[in-house]
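Input: a single structure, listed below in structure tokens.
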Amino acid sequence: MPIHRKPILAANWKMNKGPSETEDFLKSFLGKLQGSGFPCEIVIAPPFVSLAKAAEILGGPKVPVQLAAQNGSQKDAGAFTGEVSMLMLKEFYLHYVILGHSERRAIYGETDEVINAKMKKAREANLKPIFCIGETLAEREAGRLEEVLGRQITKGLEGLSEKDMVDTVVAYEPVWAIGTGVTATTAQAQEAHAFVRGEIAKLYGAAVANKVRIQYGGSVKPDNAAELMACPDIDGALVGGAALDPTSFFELIKAGCSVIEE
Ligand code: PGA
């Protein structure tokens, strides 16, 4: 992948690791990172309840790890039991928020419209969205890959400015590859990423599309990160299972970064 887009590797812990496990992970992980100087951005997305602990550990000036939330509300405040607003998230040392993850879409019924409202709220709070899109196996097999991705992109990004787009990271995550151990082949992944970049170019022009980082997600592991990240349109990874262990996530980053052309 070309270095003009700084690769970004993000750990999506999902509903794993409370504050004490977060502390254990981060202490071990930061120990491994010391002096490694990887030419990529590293992001950790713990559950809400662990953000304060993570912010305390990662908040130092030279810590090369950014913090993300896994979700955020499209509302500012009020009677929304169980929700957390983007402005509340902003109070932590936090740069990114994952939005539109397929688990939010499928299990919690988040529509393209809801995700779009969340994208706008995130930008108002000056958070950078990690905007997830991806097709199910049935959609792929029915030849609907481009239709589904095209719809998710157009609706999810509606009303966002060029600056918002450049500050957004897109995560292409084929639903059939998430947590299944099945990874898209590099050809399938590159083809989808090129399509996604093309759709962004249609909306924002090629210059903007060329700046947008597109991560691949779905069973990324230390032993497949390099081949995926060697593809010209794959600018990093959004990692679930393989990012729960500090050694595994560190090895994955090392492998992925080994193919970055400097
Ligand atoms: P996985 O999850 O790496 O466990 O497949 C990726 C994701 O859901 O972001």
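The values are calculated or read from the model by the stated rules, or taken from the named source; none is laboratory data. Here the structure is a predicted model, which is why all the values come from computation and not from measurement. A quick note on method: Cβ atoms are made from the backbone with ideal geometry, for glycine too, and the neighbour counts reach across all protein chains shown. For the accessible areas, the whole protein counts, side chains as well, though only heavy atoms, and no ligand, DNA or RNA atoms are used. Shrake-Rupley method; radii C 1.70, N 1.55, O 1.52, S 1.80 Å.
Does region 200-207 contain at least one residue that is at positive phi and open to solvent by 20 Å² or more (accessible area, probe 1.4 Å)?
Yes, because at least one residue in region 200-207 is at positive phi and open to solvent by 20 Å² or more (accessible area, probe 1.4 Å).
Among what's in region 222-245 and is assigned to a loop (DSSP other than H, G, I, E, B) and open to solvent by 30 Å² or more (accessible area, probe 1.4 Å), pick the residue that is nearest to the ligand (Cβ to nearest atom).
Leu244
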Checklist entry - Regarding Val63, is this residue part of a loop (DSSP other than H, G, I, E, B) and not charged (D, E, K, R)? => result yes
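Every residue, every condition in (1) farther than 30 Å from Thr154 by Cβ; (2) open to solvent by 60 Å² or more (accessible area, probe 1.4 Å); (3) touching a residue at least 60 places away in the same chain (Cβ under 8 Å); (4) among the hydrophobic types (A, V, I, L, M, F, W, C), yes or no:
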| position | (1), (2), (3), (4) |
| --- | --- |
| Lys53 | yes, no, no, no |
| Asn71 | no, no, no, no |
| Lys75 | no, yes, no, no |
| Ala79 | yes, yes, no, yes |
Residue hits (region 246-262; among the aliphatic types (A, V, I, L, M) and assigned to a helix (DSSP H, G or I)) are Leu252, Ile253, Ala255
Residue check for Lys17: modelled with pLDDT of 95 or more and within 22 Å of Ser219 (Cβ to Cβ) | yes
Reported set for region 204-221 where residues are assigned to a loop (DSSP other than H, G, I, E, B) and within 21 Å of Ala184 (Cβ to Cβ) is Val212, Arg213, Gly218, Ser219, Val220, Lys221
Per the filter on region 159-199, residues small (Gly, Ala, Ser), within 12 Å of the ligand (Cβ to nearest atom) and open to solvent by less than 30 Å² (accessible area, probe 1.4 Å) are Ala171, Ala177, Ala184
